[in-house]
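> This is the structure I want to talk about, given as structure tokens.
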Amino acid sequence: MIGTKIPQVTFQTRVRDESIGGDNPFRWQEMTTSDYFAGKRVVIFSLPGAFTPTCSTFQLPDFEKLFPDFQAAGIDAIYCISVNDAFVMNAWGKSQGVENVGLIPDGSGTLTRQMGMLVDKDNLGFGMRSWRYGAVVNDGVVESWHEEPGFEDNCGSDPYGESSPQTILKAIS
């Protein structure tokens, strides 16, 4: 994966727009991988699903908490990608109090599939989801890759360590 360009994908996001008014002032906005990655050095991490235990207890909160350390190491932004829709990602971000990590909804799994990280998690009732991984992406090109071991459909475990913020931060510091 190192040296690979991130595939060009368009994501369907929901963004706050106060001009709409009402109780739900959000509108659809298309965002592309170029919008997120071009001209920046970023960390991306992907996980099986919003609101799931490891993702909500460790992975997202720790990336959020360590954001200043990543900035000090030359990272411009951190993005979490999950095979969830924009509504789920926004609700999860709100419930987690996320301010520093951008949440990218890969609702159809398009980027995840093109990255070769789409796995079947029917054994958990999830359907197709992302294998857990992290990467440093410099101007759209993968600079470092951190994939959990044991990649397989319907994996009986949920390995976590290689894609942790602590591991990625240590690798780039």
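The values are calculated or read from the model by the stated rules, or taken from the named source; none is laboratory data. Just so it is clear, the structure is predicted and the values come from calculations on it, not from any experiment. Reconstructed Cβ throughout: ideal geometry from the backbone, glycine too, with neighbour counts over all protein chains shown.
> Considering (1) surrounded by 18 or more Cβ atoms within 10 Å (Cβ to Cβ); (2) in contact with a Gly (Cβ under 9 Å, 6 or more places away or on another chain); (3) hydrophobic (A, V, I, L, M, F, W, C), say which one LEU47 fails and leave the rest.
It is condition (2) that LEU47 fails.
> Let me ask something else. Looking at SER144, SER173, can you tell me which residue is more than 13 Å from the chain's Cα centre (by Cα), surrounded by fewer than 18 Cβ atoms within 10 Å (Cβ to Cβ) and modelled with pLDDT under 95? Step through it out loud before you land on a result.
Details: SER144 fails: modelled with pLDDT under 95.
The match here is SER173.
> I've got another one for you. Report the residue count in region 11-37 for those that are small (Gly, Ala, Ser) and surrounded by 12 or more Cβ atoms within 10 Å (Cβ to Cβ). Before the answer, list the steps.
In the first step, residues of region 11-37 are kept if they are small (Gly, Ala, Ser); the result is 19, 21-22, 34.
Next, from what is left, pick out any that are surrounded by 12 or more Cβ atoms within 10 Å (Cβ to Cβ): 34.
Residues meeting the conditions: 1.
> Pull up region 61-100, narrow it to residues that are in contact with a helix residue (DSSP H, G or I) (Cβ under 7 Å, 6 or more places away or on another chain), of a type in the set (Phe, Trp, Tyr) and touching a residue at least 60 places away in the same chain (Cβ under 8 Å), then point me to the one that is nearest to PRO48 (Cα to Cα).
PHE63
> Given the conditions (1) aliphatic (A, V, I, L, M); (2) assigned to a strand (DSSP E or B); (3) modelled with pLDDT of 95 or more, which single one is not true for VAL15?
It fails just one condition, (3).
> Something else now. Only one of (1) farther than 20 Å from ASP106 by Cβ; (2) touching a helix residue (DSSP H, G or I) at 6+ places or on another chain (Cβ under 8 Å) is not met by THR167, so which one is it?
Here THR167 meets the rest and fails (2).
> Now, a different point. Tell me the residue from LEU111, LEU60 that is buried (at least 21 other Cβ atoms within 10 Å of the Cβ), under 17 Å from TYR160 (Cβ atoms), at pLDDT 95 or above and of a type in the set (A, V, I, L, M, F, W, C), please. Can you show your working first?
Details: LEU111 fails: under 17 Å from TYR160 (Cβ atoms).
That would be LEU60, the only listed residue that is buried (at least 21 other Cβ atoms within 10 Å of the Cβ), under 17 Å from TYR160 (Cβ atoms), at pLDDT 95 or above and of a type in the set (A, V, I, L, M, F, W, C).
> Tell me, which residue of region 128-141 that is over 18 Å from PHE63 (Cα atoms) and in a loop (DSSP other than H, G, I, E, B) is nearest to the chain's Cα centre (by Cα)?
So, considering only residues that are over 18 Å from PHE63 (Cα atoms) and in a loop (DSSP other than H, G, I, E, B), the one nearest to the chain's Cα centre (by Cα) is GLY140.
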